[in-house]
Amino acid sequence: MADVFIGEDSPAVRDSLVDLVNNIEGARVVGTADSSITATEKILATRPQCVVLDFRLIGGTALDVLRVVRQPLRDMIVIVLTNYPEPVYRRACMKAGANWFLDKSTQFQEIETIVSGLVSQRTTSIERASEGDYRCKPRLQ
C-alpha cells in the first residue's frame, strides 16, 4: 500500500486528487490540508510515501513545506502540482527536493502514472524481500 498525502487549497481540486488517488489500486490518501502549516504537521505525523502539493497553499507555498519535511523524509516522493509552471518556481521546487513539478492544466493526469509506479515499486520490493532478496529498492525517478 502506498500512502499519499495531498496539500491543496482548492476544495474542488483537492476532492479530484483524493478521488484520483483512491481509485489507484494499492494507493490511499492518508490526509489532506489546505495550508502550508497544517500540511507540514500532517506530513510529519503520517509519514506518507508520496505527497502531492499545490505550489500555493494558504499561508505559504510548497517550498515552505519542503524546507521542513524533506530532510527527515528523504525517501518520500514529492509532486508539486501548480497553476504557476514558470521555470523559476520549477527550479526552486526541484532544488528544495521535489521529485516532480507538474502543470495542473496539462499534466494533472500524470499523478496517476506516478502514484501507480510507486505502488508497483513497493509491491516489487515486498515480493523481492519475501523471496529473500533484501537489496535496497529502486527509487522512482
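Each value in this text was obtained by applying a stated rule to the coordinates, not by laboratory testing. Every value quoted in this text rests on a predicted model; they were computed, and no experiment measured them. Glycine also receives a Cβ, built like all others from the backbone with ideal geometry; neighbour counts cover every protein chain displayed.
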- With label points set 7 Å from each Cα along the Cα-to-Cβ direction at Thr106 and Arg28, the distance between them in nm comes to 3.7 nm
- Message: Can you tell me the orientation of helix 110-130 relative to the chain, as the angle in degrees between its alpha-carbon axis and the longest Cα principal axis, to the nearest 10?
- Response: 30 degrees
- Query: Between Asp19 and Arg70, what length in nm is gained on full extension when 0.36 nm per residue of separation is reduced by their alpha carbon distance?
  - Reply: 15.8 nm
- Most fluctuating of Glu86, Glu25, Glu110 in the GNM of the chain (C-alpha, under 10 Å) is Glu86
- Note on the structure: the chain: Kirkwood hydrodynamic radius (Cα pairs, Å) comes out at 15.1 Å
- Taking Cα atoms, the helix 36-46 axis meets the longest principal axis of the chain at an angle in degrees (rounded to 10) of 10 degrees
- Relative to the Cα centre, what is the charge dipole magnitude of the chain, using +1 at the beta carbon of each Lys and Arg, -1 at the beta carbon of each Asp and Glu, and rounding to the nearest 20 debye? 620 debye
- Query: With each label point set 7 Å from Cα along the Cα-Cβ vector, what nm distance links Lys95 and Thr46?
  - Reply: 2.9 nm
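If each DSSP helix of 4+ residues adds -39,500 (n - 2.57) and the sum is divided by the residues in the chain, what number results at 222 nm, nearest 500 deg cm²/dmol?
Working: 6 runs with 66 residues, N = 141.
Calculated at 222 nm, the ellipticity per residue is -14000 deg cm²/dmol.
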- Reciprocal mean inverse distance between Cα atoms of segment 1-59 - Kirkwood radius, Å: 11.2 Å
